[in-house]
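Scroll down for the structure; my scribbles are underneath it.
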Amino acid sequence: MKLNETQIDSAFTCLINRFKGKNEENRELYGSIRILSAKLNKKHLDDVFGCLNGLKDENECIRALCEKSFETMSTKLNDKQLDRVFSAFIHGLKDEDKWVRVSCAESLGVISEKLNEKKLENAIHTLIDGFKDKDKYVRDSCAKSLEVISTNLTDKQLEEVFNALPKEQKRDYFDSYSKALEEISMKWNEQQSERVFNALIF
């Protein structure tokens, strides 16, 4: 069913008014708003982020709102809102739930094109740290996001990524590690390629 602009506005107003209680049902409300996210305008998003102020579970609510829809929403977010989304994803990589960590790792790859140099560097090192995660799905998600990010990095940033990658990986981590190497290596210079080749065969 397709809603017209008036119906979307009415549905949004109904949902946003329920945030006044600031209770545990909020995360479910953000899930409902997420369904409308493709149709929301900047004013709607301003109202949503305004409701986040003071919430104990702000990061969780942001993730619920942005999950699977960030690409659609990103063009409508201002810099301050983008900062809060970025912080929520970084924070989520430390969550006890592995699926939250998986989602946040993937989201960092999506958000990377919108980040300034400092935040991009933070994202890169956070994803590299993700190779130490005990869960294979989390490690794979970190690898995939590094693949996405690597295609847009400068030579200097690629060098930083290369130098930060672990010299030794336990057997359990090798699959995830190699996926990132495969994509990043396409942009390495001859010296970098030789270094990683020697590291892998010895």
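The values are calculated or read from the model by the stated rules, or taken from the named source; none is laboratory data. Quick caveat, the model's predicted, so the values are computed rather than measured. Glycine gets a Cβ as well: all are built from the backbone with ideal geometry, and neighbour counts include every protein chain shown.
Please state which one of Ala164, Ala123, Ala180, Ala143 is of a type in the set (A, V, I, L, M, F, W, C), at pLDDT 85 or above and under 26 Å from Glu96 (Cβ atoms).
That would be Ala123, the only listed residue that is of a type in the set (A, V, I, L, M, F, W, C), at pLDDT 85 or above and under 26 Å from Glu96 (Cβ atoms).
Remark: Ala143 falls outside the filter, which requires a residue to be crowded, with 17+ Cβ neighbours inside 10 Å and closer than 21 Å to Ile62 by Cβ.
Check the stretch 119-129 and report whether any residue there is part of a helix (DSSP H, G or I), acidic (Asp, Glu) and within 14 Å of Ser150 (Cα to Cα). There is at least one residue in the stretch 119-129 that is part of a helix (DSSP H, G or I), acidic (Asp, Glu) and within 14 Å of Ser150 (Cα to Cα).
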